[in-house]
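Written out below as structure tokens is the structure these notes cover.
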Amino acid sequence: MAVWRAYLVAGMLTVSTYVLVPRGLVSDAVFLVVGLSAVVAICWGVRQNGPATRAPWHLFVAGLLSWVVADTIYSWNEDVRGVVPFPSISDVAYLGAYPVLAAGIFVLIRRRGARLDVPGALDSAIVVAGLGLISWAWIAGPIVAASDVPVLERAVAVAYPISDILLLTMLARLVAASPASSAAFRLLVGAVSVQIIADTAWAAAPSTSWDYSTALDLLWLASYVLWGASALHPQMGSLAEPAAAGPVGFTRRRMAALSSAALLPPATFLVAMATGRTIDAPVVVVGAIILTSLVLARMAYAIREVRLTARQRDDLQDELFHQAAHDPLTGMFSRAYMLRLIDGALSRGRCAERSTGLVLVDLDRFTTINDEWGPATGDEVLRETARRIRTAAGAHHPVARLGDDQFVVLVETIDAVDETPVVAHEILGALAAPHVVSGSTITTACSIGLSVSLDIGTDADGLLHQAMIASHRAKASGAGAIEVFDHHMRREIAQRAEVEAGLRVAMDEGDLELHYQSVISVRTGDIIGYEALVRWRRPEGLVMPAAFIPIAERSDLICEIGRWVLHEATRQLESWTTADPDAFGHATVAVNISGRHLADHTIVDDVAHVLDRSGLDASRLVVEVTETVMVDVPHAAVQLGALRDLGVSVSLDDFGTGFTSIGQLRELPIDTLKIDKSFLASTDPGWSELVALITAAAHACGTQVVAEGVERQDQHDVLAGLGCDLAQGYLFAPPLPAGEVLRQAPDRIGDPLSP
Ligand code: C2E
Ligand code: MG
Ligand code: MG
């Protein structure tokens, strides 16, 4: 059992023996033992628990010791001399203890909360004033008024309730300033409260009846034990630690205490009337005035607090709104707020003869500026750009920053069709001058897209989207361009949306099909494999991939198509192999994979899955990616490496149309290189030298070479002369439906490893 609890139990048991022992020396000895035990407990508790602040506890020891001395003198007078003089030296010791104990509590209060806690102080003042009023009305007042008693006796007698009020004041402050309480705290508050209750009961009705005085003795003894237990409690150190400075709210308990205190004056009158006792009416009235003033002050403070909180909340709301409505870097409006402004302008435009236009400014190569000069310079360029756009746009046209390097100006006017391009040209001119940041000159360029609301159906999102499409078009046509979103773009978008929706249906309804174009060994003329090329069967005929693959590539639809092609092509080759193992046993199938699908985290699993499902050997699948993918797709090499780890081959399609230099070939994770058909189609007689160069470089890196688009025998002869490995083209066969491929069951299929 914890020491404090053991002491509390033992102490209370000792206290209960008090009623059993005979009055006189024995009972007084119990009193002495319990009082001294409390003093020792505090000294021991301070030693054991080592509180950071010892002063309050030293003061408590002094106060309790003073009481023990007083008890001893009192008992001596009572038991040995048989007469207790009043006042006596024991009263000096009793009364002397109160200020010392109050000082101890005061030190605790100071340590707990250094700040001036006005509501807490007012609350405790109200409680003290209320209880002080009763104490004066029932106890101190009558003592003072007893003119037949000598002055010294009256002064000493009245000093007791006054001392209790002093202790009570400190106690109320301590409780009011400490929202969170520990067990040590509760024990201490219990000790002081029990002491005050016993004192007050004794002062209100001093009686020598055995029951009554024993009951009061029990309370005083219990108070000693509670002081001791509080000091022994391990958390006693926390009593002097600063309390969490939370706001002092109106808890239910606090409200009950305050309203009871405020009701005390009328209650005092009522009790006096009922019992027929005379009370000092002016004192009660003054007390009532003081109490009412304190309660009013407390209310005023509470109202002020509420107002302050409301103002703080409003300020916070304003601040939050400002943050949400503005871009922190440039101070311009945010995208979200601009959308609201556009919405407002559009609805005004519907009622009045006004139109709404947007000027979307997109800085070109801004990432390069960030990379080259660092983000701090990048930020400065953005701030300066924002300043220039704001000036060029004029005060009437709100400007927002949409994202990293995109700004939009709202032009709400009589004729936005005419005015929007004017604003755009102003901005273009303003941004043409180079920026000078920390001594460096940085040149920027921008592309501008314009959109104007021409029908009432357009919403803010739609108008912004149109301006963005126009800006993409502007970017594509070169730096410094301005493009207007027009009917042509609108039609294009509508068509694109239609194709995309149609493709999704085609996927579900099985309207996609694969055609296969044979790949030939240049040396032997044997077919070594096929390339799978997707077609879309529509009522009006076959649609070629160029008409729908670029649209599918704008969304994850391309990944779905890719998965289907992988599945269908592997399934088909496996089925041909089963039908004619001699002809197809070694053939490969090449599947085109788009950059978006290669970048997708599912690609490796997708390929592994189709191999698993079809049962096709991994070495018979070729994955074709275009050369541009190596630049556009981050981690392309890593993904291709992972695919090769599965055992499939990788072919670099359309080589020569991207930016890969021949020197880079060695680092690329590829097995085959497909020279783009534009080389062979070229009328430039130098094409063969270029193909020779590429072939030699590829061979030096251990890479096979395929020539695409072979249409004539002379092209084939040149390729044979250059040592090109494989060829593909109409000269050998066009892409054919699967049924045709099987019908023309090839007798010219060779082993791809020995072309
Ligand atoms: P690619 O991968 O370079 O495919 C070769 C293209 O050249 C095919 O066009 C083919 O029909 C055509 N071709 C074959 N021999 C000759 C010839 O002798 N002369 C000429 N001028 N052309 C020839 P196709 O089938 O229209 O496919 C075009 C492109 O569409 C493909 O180029 C490929 O990039 C893409 N594609 C086709 N199918 C798919 C697919 O399933 N997925 C993905 N992502 N792209 C595909
Ligand atoms: Mg291809
Ligand atoms: Mg190609």
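The values are calculated or read from the model by the stated rules, or taken from the named source; none is laboratory data. Values in this document were obtained by computation on a predicted structure and should not be read as measured data. Here Cβ is always computed from backbone atoms with ideal geometry, including for glycine, and neighbour counts include all displayed protein chains. With ligands, DNA and RNA removed, areas are computed over all heavy atoms of the protein, side chains included. Shrake-Rupley method; radii C 1.70, N 1.55, O 1.52, S 1.80 Å.
Listing for the model above:
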{"quantity": "Whole-Hz couplings from phi, Karplus 6.51/-1.76/1.60, listed for segment 120-131; x for Gly and Pro", "calculated": "x, 5, 5, 4, 5, 4, 5, 5, 5, 5, x, 5"}
{"quantity": "Alpha-carbon Debye profile of segment 409-547, log10 I(q)/I(0) at 0.15, 0.19 Å⁻¹", "calculated": "-0.88, -1.10"}
{"quantity": "Surface accessible to a 1.4 Å probe, per residue, for the residues of segment 335-485, Å²", "calculated": "46"}
{"quantity": "Once the Cα gyration tensor of segment 36-151 is diagonalised, semi-axes √(5λ) in Å", "calculated": "31, 26, 9"}
{"quantity": "Fraction of the pair-distance distribution of segment 612-755 above 25 Å, Cα-Cα pairs, percent", "calculated": "32"}
{"quantity": "DSSP bridge pairs, the chain: antiparallel proportion in percent, nearest 5", "calculated": "60"}
{"quantity": "Computed [θ] at 222 nm, deg cm²/dmol, the chain (DSSP H ≥ 4; -39,500 (n - 2.57); rounded to nearest 500)", "calculated": "-19500 deg cm²/dmol"}
{"quantity": "Hz values of 3J(HN,Hα) by residue in segment 82-90 - Karplus curve (6.51, -1.76, 1.60), Gly and Pro given as x", "calculated": "x, 9, 10, x, 9, x, 9, 5, 5"}
{"quantity": "Cα→Cβ-extended label distance, 7 Å offset, between R110 and S440, nm", "calculated": "6.1"}
{"quantity": "5 angstrom amide H check on T588, placed H, neighbours 5+ away", "calculated": "G529, Y530"}
{"quantity": "Rh by Kirkwood over Cα pairs, then Stokes-Einstein D for the chain at 1.002 mPa s and 20 °C, µm²/s", "calculated": "59"}
{"quantity": "Kirkwood hydrodynamic radius (C-alpha pairs) into Stokes-Einstein, segment 522-602, 10 °C and 1.306 mPa s, D in µm²/s", "calculated": "110"}
{"quantity": "Full-stretch length increase - A6, R666 - with 0.36 nm per residue and alpha-carbon distance subtracted", "calculated": "229.2 nm"}
{"quantity": "Simple spin-label estimate for R186 and A62 in nanometres, 7 Å along Cα-Cβ", "calculated": "3.1"}
{"quantity": "Residues with amide H under 5 Å from that of V650, placed H, sequence gap 5 or more", "calculated": "V623, D671, T672"}
{"quantity": "For segment 308-324, 3J(HN,Hα) per residue [Karplus equation, 6.51 cos²θ - 1.76 cosθ + 1.60, θ = phi - 60°, Hz, x = Gly/Pro]", "calculated": "4, 4, 5, 5, 4, 5, 4, 4, 4, 4, 4, 5, 4, 5, 4, 4, 5"}
{"quantity": "Accessible surface of segment 335-485, 1.4 Å probe, proportion on carbon and sulfur as whole %", "calculated": "53"}
{"quantity": "Column: log10 I(q)/I(0), Debye, Cα scatterers of segment 335-485, q = 0.10, 0.22 Å⁻¹", "calculated": "-0.33, -1.38"}
